[in-house]
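All of the numbers you see were taken from the coordinates with simple rules; none came from a lab. Remember, it's a predicted structure, so these values are computed and weren't measured experimentally. Quick reminder, even Gly has a Cβ in these numbers, built from the backbone with ideal geometry, and neighbours come from all protein chains shown.
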Amino acid sequence: MKTTNVMIVGVGGQGSLLASKLLGRLLIDEGYDVKVSEVHGMSQRGGSVVTYVRFGDKVYSPIITEGEADFIISFEKLEAARYAKYLNKDGLIVVNTQQIDPMPVIIGAAEYPENVLEELTAKGLNVQAFDALTLAEQAGSSKAVNIVLMGKVAKQFGISYDKWITAIENTVAPKFIEMNKKAFDLGYNS
Amino acid sequence: MKKLLIGNQAVAAGLHDGGLGVVSSYPGTPSTEITEFLSKYDDLHSEWAPNEKVACEVAFGASLAGARSTCAMKHVGLNVAADPLFTLSYTGVNGGMVICVADDPAMHSSQNEQDSRHYAIASKVPMLEPADSQEAYTFARSAFELSEKYDTPVILRMCTRIAHSQSVVMLQDAIPAVLKDYEKNPQKYIMMPGNAIKRHPFVEERTLKLQQLAENCIYNTVEYGTNDEFGIITSGCSYQYVKEVFGDSVSVLKIGMPNPLPVDTIKDFAAKVKKLYVIEELDPIIENHVKSLGIEVVGKEMFSILGEFSQKTIADAFGIKAKESVCADSPVPNRPPMMCAGCPHRGMFYTLAKNKITVHGDIGCYTLGAVPPLNALDTTLCMGASISGLHGFNAARGSETEGKSVAVIGDSTFMHSGMTGLVNVAYNATNSTVIILDNSITGMTGHQQNPTTGYNIKGEVAAKVNLEALCHALGINRVRVVDPYNLKECETALKEELSVAEPSVIISRRPCVLLKSVKLSPSLNVQADKCKSCKRCMGLGCPAISMKDGKAKIDNTLCVGCGVCQQLCAFDAIV
């Protein structure tokens, strides 16, 4: 099969590493060759972060370049705009509509492009936007945005609901399992 | 057993399964996880050393004692460990010794883009370079045998994309660690001139033997493709990009042992293809070697010395049509990294910026004091350079700058290489003021313990360096501690220490807000009716504060209630 390319993008500290860890484990259990490229170090400190997940029969490059992504899962609106050029023309971009101002916006040196998702839709991209932060807060913590988003895209990868739930149980700390399962369901059913 | 591992975890597993006994390292992106994963094994000794030189010498001592040993560091860490490295090449080893070094093309988290392969060539030590996690495991595991067979340390070179990419690894059974006998051997291990002069010929002979190995080893592999129009010599992650673009159509010589490079293998490969390319990130090491053999090759004229590659770099260079994509018309603002909400460094940097102080910076999270709106730093060079640089600055300009300049250095960086600089300040007497930003952890690399934290790599209670007593012992009489959440205290201390006619140290002490042990306060809020839109709080560059509809607003998901902005608000609008 052709290699499938998934990008997880967001702001350092939003929990994208846990999301890619979860997805990577599930895909390897499905028997795919998998590569996941992560970001560590300085850029994690509130900067723009991107994780690449690729799976198929045989995967070579660990990264994804412009026009190659089948899915982009964006934890934040501006980051969706930043990485939209990586999406292929038949791809899907799922966006948490949460807005986190970057420093140039905070200090007034740049403007936050408020209507950027509408722009991308007008250009023919398949954009699915929703408020994952509110769902995460409903589940019990704003930190569960990552799991809400994984719930939202779970059906796209041919992995059963039960396997996702088992993976969550095996990945997160015991005291957060129930909250994360609730977050996953809220995303899954949204 | 099949597992999905990041390259660094695969290195750790390979070293452990190859019989590792001792690991000593200093953290540095992108190498840190090698040692973090090794510390999870209970059948070996693991530790964070104060710096890479110490770590490398610890690994040497362990090897001398008969254990298989390793040390891991980032590329610039090898500069610090270069002193032991060059003479270790002469002494060779007893137990196998592997030096793991991780380069950072594109400088994701580094101050330069140096190519560690130069060190292998200069020190005449073999180097291995894996192209994925499976090879990271296999190469690391096999490196001990190579080290012992050829009586040499072995350098294992990682790059960011290999170190921090997960791919599938088949693990094998571990070899139990064994301790070889230690026998005193002054001719081999005491490198004074009379002995070293006899070891140098050994090093040269060893290189010849390693060159023979390079012609026929598991590290360098040839894949002949269906198309004989051209062939590519490549290594590391560049190999993956080449395969991504050309699949099995093109002939590829993959170099997994960049030092010493093979000769006959390259000549044979070159003879079988009509045109030859070398695709390697950073410097033209393989390319220059190929050219030295009198073989025509295309390299850096097509593939940059700068940054890292991707499949797109290669496709573009060969004129392959780019994939279609669209982007937004609105400009997308950058999102540079910044200090976290509640970062204890912020209060001190605000004070320094407010007083227009010349600040000699150092390596760590606090390098982010350089970015707007604080713009608080004047220079950042390398680990420890803040203090020695400040001393030189003041030696050159005297009282003109002594009252207006400081060095800032973190607790871990001070342990790494700040102490010697501070001794120099005291000994050679400039009226320099040094600020130790003590956040009780090694922050930027992801929270590693260090000698000032009171815990070792396994989180066990350990001897704790008393920074105040240490600074006194190094010859500094004036040492005081401030809380960086208290702006008034910071400013008073700064002004007093800058005005006195002797060297001084201010310890700005508060633990990193991301530490699990730190109790956070509830988020603060702006009372919109009291906010006069003066934007004074915006001068802190706190990611939790922004202007919304003309009034300051605090993001409750980010604010940790540090209270620094409250101290700035003249209208008591923040509660």
Förster-model FRET efficiency, 45 Å R0, B:N525 and B:K40, C-beta, rounded to 0.05: 0.60
Dipole of the protein assembly as shown, positive direction: furthest Cα of B:F139, B:V465, A:G91, with charges on the beta-carbon: B:V465
Nearest-0.05 FRET efficiency for B:H118 and B:F202, computed from C-beta distance (R0 22 Å): 0.50
FRET efficiency, B:I305 to B:Q172 (Cβ-Cβ, R0 45 Å, nearest 0.05): 0.75
Least to most buried among B:S165, B:S249 (fewest other Cβ within 10 Å first): B:S249, B:S165
Proximal lysines relative to B:K551, as straight alpha-carbon distance under 19 Å, when same-chain residues fewer than 8 apart are discounted: B:K530, B:K532, B:K535
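Counting pairwise Cα distances across chain A, what percent come out greater than 20 angstrom?
Everything past 20 Å amounts to 53 percent.
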Extreme residue, positive dipole direction of chain B, given options B:Q527, B:C56, B:P84 (C-beta unit charges): B:Q527
Cross-link partners of B:K519 among lysines (Cα-Cα below 26 Å; sequence separation of 8 or more within a chain): A:K143, A:K175, B:K458, B:K464, B:K488, B:K553
Under-5 Å amide H pairs with B:V482, H placed in peptide plane, nonlocal only: B:I507, B:S508, B:R509
Computed Rg/Rh of the stretch B:40-185, alpha carbon atoms with Kirkwood Rh: 0.95
Cβ-placed point charges (K, R +1; D, E -1), dipole of the stretch A:38-120 about Cα centre in debye, nearest 20: 280
Most mobile of A:G31, A:G91, A:G15 in a GNM of chain A (Cα contacts under 10 Å): A:G31
Over the stretch B:221-317: Kirkwood hydrodynamic radius from C-alpha pairwise inverse distances, Å: 13.2
Label-point separation in nm, B:I295 to B:A463, each point 7 Å along Cα→Cβ: 5.3
Additional length obtainable on full extension of the chain from B:N486 to B:N288, 0.36 nm per residue less Cα span: 65.6 nm
Rg and Dmax of the protein assembly as shown, Cα atoms only, in Å: 27.1, 82
Cα-based equivalent ellipsoid of the stretch B:519-575: semi-axis lengths in Å, sorted from largest, via gyration tensor: 17, 11, 10
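As a quick test, which of the pairs A:K163/B:K3; A:K2/A:K85; B:K275/B:K321; A:K35/B:K300; A:K2/B:K2 have an alpha carbon distance above 24 angstrom in this structure?
Working: A:K163/B:K3 17 Å; A:K2/A:K85 20 Å; B:K275/B:K321 21 Å; A:K35/B:K300 28 Å; A:K2/B:K2 22 Å.
Going by Cα-Cα distance, A:K35/B:K300 fall outside the 24 Å limit.
Assigning unit charges at the beta carbon (Lys, Arg +1; Asp, Glu -1) and nothing else, what dipole magnitude in debye, to the nearest 20, does chain A show about its Cα centre?
Its charge dipole is roughly 360 debye.
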Electrostatic dipole magnitude of chain B [Cβ: Lys, Arg +1; Asp, Glu -1; Cα centre; debye, to 20]: 1280
Residue-span extension gain [B:A106 to B:K516] - 0.36 nm each, minus C-alpha spacing: 144.4 nm
Within a Gaussian network of chain A (alpha carbon springs, distance under 10 Å), most fluctuating of A:K85, A:K155, A:K175: A:K175
Where labels lie 7 Å past Cα in the beta-carbon direction, separation of B:F571 and A:Q128 in nm: 4.5
Label-point separation in nm, B:K274 to B:K404, each point 7 Å along Cα→Cβ: 6.8
³J(HN,Hα), Karplus 6.51/-1.76/1.60, whole Hz, each residue of the stretch B:529-542, x for Gly, Pro: 5, 8, 5, 9, 6, 6, 6, 4, 5, 5, x, 6, x, 8
Rg ratio (alpha-carbon, reference 2.2 N^0.38 Å) - the stretch B:152-284: 1.38
³J(HN,Hα), Karplus 6.51/-1.76/1.60, whole Hz, each residue of the stretch A:61-72, x for Gly, Pro: 5, x, 10, 10, 10, 3, x, 9, 6, 8, 9, 10
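Based on other C-beta atoms within 10 Å, arrange B:M419, A:M7 from fewest to most.
B:M419, A:M7
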Principal axis dimensions, the stretch B:407-542 - Cα atoms, whole angstrom, descending: 56, 43, 20
Surrounding net charge for B:A501, when Lys and Arg each add one and Asp and Glu each subtract one, Cβ distance under 13 Å: -3
Hits among lysines - C-alpha to C-alpha of B:K124 under 23 Å, sequence gap 8 or more where chains match: B:K53, B:K74, B:K149, B:K188, B:K198, B:K209, B:K254, B:K267, B:K291
Gyration tensor over alpha-carbon atoms, chain B, equivalent ellipsoid semi-axes in Å: 46, 31, 22
For the stretch B:461-504, the spread of Cα positions along each principal axis, largest first, Å: 35, 27, 7
